Amino acid sequence: MLLFLPDRANTMKTLFLIFYMVGMVIIGIFSSRKIKNQSDYYIAGRKGSVLLVSGSLLATILGASAVLGTVNLSFTQGWASSWLLISASLGLFALYPIAGYVRRYGKNTLPEMIGDFYGERPKQIASFIIPIAWIGVIAAQIIGAAKILSSFYAVDYMSGVFISSTVFIFYTLIGGQISVLKTDFAQILLILAGIGLMGAFLLSGSYGPAFPPARPFPFNENFSTLDLFILFITHSSTYFVGPDIYSRLFCSRDEKTAKRSVLISALVLLPVAFLLSYSGVYCNYLFPGFNYKTSSGLITLIQHILPNWGIGILVAALLAAVMSSASTTLLTSSLIMSDLTTHGLEKKNSLRNTKIYLVIIGIISMLFALWVQSIIDALLTALTFFSGAFIIPTAAGLLGFRTSSRKCVGAILIGGLVALTGKLVSINLNHVGGNLLIVAGFLVNALILFVPNHKRGNS
């Protein structure tokens, strides 16, 4: 439970937390009143403005892995840790030319697009696999929120999991996509303000040199060209083809809005990438013996250099970062599962089923967060499986390629499993060997899909 301690610092932090949590719930309640039909719940009635869609894109991307993970990566990779978000930005730049087409062609979910490209069977496989993979992504955000709460308040890790999960599940459940867009916009303002505030304090020179020594960018002994290539194919590619990213584009009011939102998001991510790496570099300079494997460098930095009011802002910003990503991914996964089991989101009971799946997936993600407490491992494992399975088939489909349903299913299953195996090997056994196996997953996917390529259409 939260302990409301009498000193001014704890009172201020607690007030920021209460205002943030209550604010998100209120937005959810008011958003629920604007839901008139299923389209409003699924894709916000396709009325999203540039501000709302770009804000939601940024809030979705700047989750626990981006904000907390980048800072911790700086302890081993130095300035090269900024590649985590730069690669996301490059994925969006690649998406920009076709963002309008995605908005025009898309309906409610990514598997629907895959079904249009290759037939019903690949759509069913995608609808089953993506929500399972995305449980790891949701869990990564819950892990981040729990660690934030346990670091700044008298809250144990388990309580932090339940508190944060209950809030974002509630406002997503009652307000749907309208709630997600509006809460995301409010949250991205907090996130950018918090990151900017931290950068300003560090650049002031009050704590040491403005730019302390660190491992260089773009490469160093702990981040090689092979690591960057793996990051491109498993991470950057998920911003070119990703169910959560596409779900934002489906909400855009028109194709021009979709393209502008992608471009704005890609540009904003670049300075944010370096500001987060800078925070990690500075934390490593100030606390050389810090154990980044068990603690958060950014949280430690916040606790030591910011005034009480600044700590309150950063706590709200960090919670906003993780919960905005969690809500978007949770709703996307629920829509996909509902479409799979209801056989169409236009059916009468699809909205009810979506809400049921939303609660179920949210609870499973909570349990996963209690089991796996590494943010980066949870996120990158899920993304590796997804990218190995779906990046090549979806990108090829968008470019007009068509092949049989059987070949597409084989490419998805085998490519995803080989890539997932490679990631597990990389984490637990051999880093280089695991990375090479991940590359093999993509090659196997492409070989199954494209060779031989003498048939067109579905079978």
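At a probe radius of 1.4 angstrom, the accessible area of the chain per residue rounds to 37 square angstrom.
With the highest mean first, a sort of the peptides 260-273, 348-361, 180-193 on other beta-carbon atoms found within 10 angstrom per residue produces 180-193, 260-273, 348-361. Under a no-solvent Debye model with one identical scatterer per Cα of region 295-337, what's log10 I(q)/I(0) at q = 0.14, 0.25, 0.27 Å⁻¹? The calculated log intensity ratios at q = 0.14, 0.25, 0.27 Å⁻¹ are -0.45, -0.82, -0.89.
Based on the reciprocal of the average 1/r between different C-alpha atoms, the Kirkwood radius for the chain equals 22.0 Å. Scaling against 2.2 N^0.38 Å puts the C-alpha radius of gyration of region 120-169 at 1.54. FRET efficiency for the Ile363 to Arg402 pair, using the beta carbon distance and R₀ = 51 Å, is estimated at 0.85. Please work out whether region 270-369 counts as rounded, prolate or oblate from its C-alpha gyration tensor, where a ≥ b ≥ c are the square roots of the eigenvalues and a/c under 1.5 means rounded, while otherwise a/b larger than b/c means prolate and anything else oblate? Here region 270-369 falls in the prolate category. Diagonalising the gyration tensor over the Cα atoms of region 143-248 and scaling each eigenvalue by 5 before taking the square root yields semi-axes of 31, 24, 16 Å, largest first.
For the peptides 433-441, 197-205, the ranking by packing is 433-441, 197-205, with the highest mean count of neighbouring Cβ atoms within 10 Å listed first.
Length available on full extension from Lys256 to Leu270: 0.36 nm per residue minus the Cα-Cα distance, which gives 2.8 nm. When shorter helices are ignored and each DSSP H run of at least 4 residues is given -39500 (n - 2.57), the per-residue value for the chain at 222 nm works out to -25500 deg cm²/dmol.
A straight chain from Thr11 to Asn430 at 0.36 nm per residue would run longer than the Cα-Cα distance by 146.1 nm.
Partner lysines whose Cα lies under 22 Å from the Cα of Lys355, excluding those fewer than 8 positions away in the same chain, are identified as Lys34, Lys36, Lys47, Lys107, Lys123, Lys182, Lys347.
For region 19-67, carbon and sulfur atoms together expose 69% of the accessible surface, with a 1.4 angstrom probe and every protein chain in place. Once C-alpha pairs closer than 8 Å and six or more residues apart are averaged by separation and normalised to the residue number of region 261-413, the relative contact order reads 11 percent. Points 7 angstrom from Cα along the Cβ direction at Tyr207 and Asn37: gap in nanometres? Going from the Tyr207 label point to the Asn37 one covers 5.2 nm.
Based on alpha-carbon atoms, the Kirkwood radius and the radius of gyration of region 262-321 give Rg/Rh equal to 1.03.
Here the Karplus relation 6.51 cos²θ - 1.76 cosθ + 1.60, evaluated at θ = phi - 60°, turns the backbone of region 120-129 into coupling constants of 5, 5, x, 4, 5, 4, 4, 5, 8, 6 Hz, with x for every Gly and Pro.
Over region 22-109, the reciprocal of the mean inverse Cα-Cα separation, the Kirkwood hydrodynamic radius, stands at 15.8 Å. The length gained on full extension between Arg46 and Ser159, counted as 0.36 nm times the residue separation minus their Cα-Cα distance, comes to 37.0 nm.
Amide H to amide H distances under 5 Å link Thr403 with Gly457, where only residues 5 or more positions off or on other chains count and H is placed in the peptide plane. Relative to the longest principal axis of the Cα atoms of the chain, helix 308-342 runs at roughly 20 degrees.
Output the 0 to 90 degree angle, nearest 10, between the alpha-carbon long axis of helix 431-450 and the longest principal axis computed from the alpha carbons of the chain. So the helix axis and the longest Cα principal axis differ by about 30 degrees. What does the C-alpha gyration tensor say about the overall shape of region 343-448? Classify as rounded when a/c is under 1.5, otherwise prolate if a/b is larger than b/c, or oblate. Oblate, because a/c is 1.5 or more while a/b does not exceed b/c.
Seen against the Cα atoms of the chain and their longest principal axis, helix 83-95 is set at about 40 degrees.
The values are calculated or read from the model by the stated rules, or taken from the named source; none is laboratory data. Bear in mind the structure is a predicted one, so any value in this text is a computation, not a measurement. All Cβ positions, even for glycine, are placed from backbone atoms using ideal geometry, and neighbour counts span all protein chains on display. Each accessible area value is taken on the protein alone, full model and side chains, heavy atoms only, with ligands, DNA and RNA left out. Shrake-Rupley method; radii C 1.70, N 1.55, O 1.52, S 1.80 Å.
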